[in-house]
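Below: one structure, written as structure tokens.
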Amino acid sequence: MSLIGTEVQPFSAKAFKQGEFIDVTEENFKGQWTVLCFYPADFSFVCPTELEDLQNEYENLKKLGAEVYSCSTDTHFVHKGWHDASEKINKIEYGMIGDPSQTLTRMFDVLNEESGLADRGTFIIDPDGVIQTVEINADGIGRDASTLADKIKAAQYVRNNPGEVCPAKWKEGEETLKPSLDLVGKI
């Protein structure tokens, strides 16, 4: 079943953020746009490159009114240890959610039951706590965080302009489409 258009269900988790342990619930995903990035494991290979890339985009995403969280089935204690040990992860300013109970990974349908680890899933959640985009990659395929800003801008545009849609490769300020009978077969 698709998660698009569904509201994030209640949860409670611990996260490591900027030298502190914090509580995170579904309420943290409301009132602003949220990027939730699941990854398989701390102290691994592709994951630190992705999370560093996400950190490199963090300021741009915040300017769009988005908060960022990463999440794995490791504990928040392991996140702190990785943050302290890794040059790439030490740069991270966003919250790193621990999900050792696999509550979030199951809720977002990214749990690999065989390994007990999260798949590489990226979710954009609107200010009402409703999932607007989902991208899930195989374990060996890293993601490109630079695409998130355009996806958020498109989601914001569609939210603020009912009846309009954004075509492929749409960039802010470009022409959108207004689906109608007159448009059928003309694109």
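Restricting attention to the stretch 96-106, the residues that are surrounded by fewer than 23 Cβ atoms within 10 Å (Cβ to Cβ) and closer than 17 Å to GLU67 by Cα total 0. The criterion of at least 2 residues that are surrounded by fewer than 18 Cβ atoms within 10 Å (Cβ to Cβ) and in contact with a Phe, Trp or Tyr (Cβ under 9 Å, 6 or more places away or on another chain) is met, among strands (runs of 3 or more DSSP E) falling completely within the stretch 1-86, by 20-25.
Please enumerate the residues belonging to the stretch 159-169 that are out of contact with any Phe, Trp or Tyr (no Cβ under 8 Å at 6 or more places or on another chain) and surrounded by 11 or more Cβ atoms within 10 Å (Cβ to Cβ).
So in the stretch 159-169, the residues out of contact with any Phe, Trp or Tyr (no Cβ under 8 Å at 6 or more places or on another chain) come out as 159-163, 165, 167-169.
Passing the criteria: ARG159, ASN161, VAL165, PRO167.
Residue pairs whose Cβ atoms lie under 6 Å apart, separated by 6 or more positions or on different chains, with the first residue in the stretch 157-182 and farther than 18 Å from GLY65 by Cβ and the second surrounded by 10 or more Cβ atoms within 10 Å (Cβ to Cβ) and hydroxyl-bearing (Ser, Thr, Tyr), are GLU164/THR176.
The residue of the stretch 136-187 that is farthest from ASP42 (Cα to Cα), among those that are of a type in the set (Asp, Glu) and over 20 Å from the mean Cα position of the chain (by Cα), is ASP182. Only one of the listed residues (PHE11, PHE45, PHE29) is free of Cβ contacts under 8 Å to residues at least 12 places away in the same chain, hydrophobic (A, V, I, L, M, F, W, C) and out of contact with any Lys or Arg (no Cβ under 8 Å at 6 or more places or on another chain). That residue is PHE45. Looking at this structure, is GLY173 surrounded by fewer than 10 Cβ atoms within 10 Å (Cβ to Cβ) and either closer than 26 Å to LYS62 by Cβ or in contact with a Lys or Arg (Cβ under 6 Å, 6 or more places away or on another chain) (or both)? In short, yes. Here ASP109, ASP128 are screened, and the one residue that is open to solvent by 60 Å² or more (accessible area, probe 1.4 Å), on the phi > 0 side of the Ramachandran plot and modelled with pLDDT of 95 or more is ASP109.
The number of residues in the stretch 112-125 that are open to solvent by 30 Å² or more (accessible area, probe 1.4 Å) and of a type outside the set (S, T, N, Q) comes to 4. Among all positions in the stretch 87-94, there is at least one residue which is at pLDDT 95 or above, surrounded by fewer than 15 Cβ atoms within 10 Å (Cβ to Cβ), of a type in the set (Lys, Arg) and within 21 Å of VAL46 (Cα to Cα).
The values are calculated or read from the model by the stated rules, or taken from the named source; none is laboratory data. Because the structure is predicted, anything quoted here is derived from the model rather than measured. Positions of Cβ are backbone-derived with ideal geometry, glycine not excepted, and every protein chain shown enters the neighbour counts. Heads up: the accessible areas ignore ligands, DNA and RNA and are worked out on the full protein's heavy atoms, side chains in. Shrake-Rupley method; radii C 1.70, N 1.55, O 1.52, S 1.80 Å.
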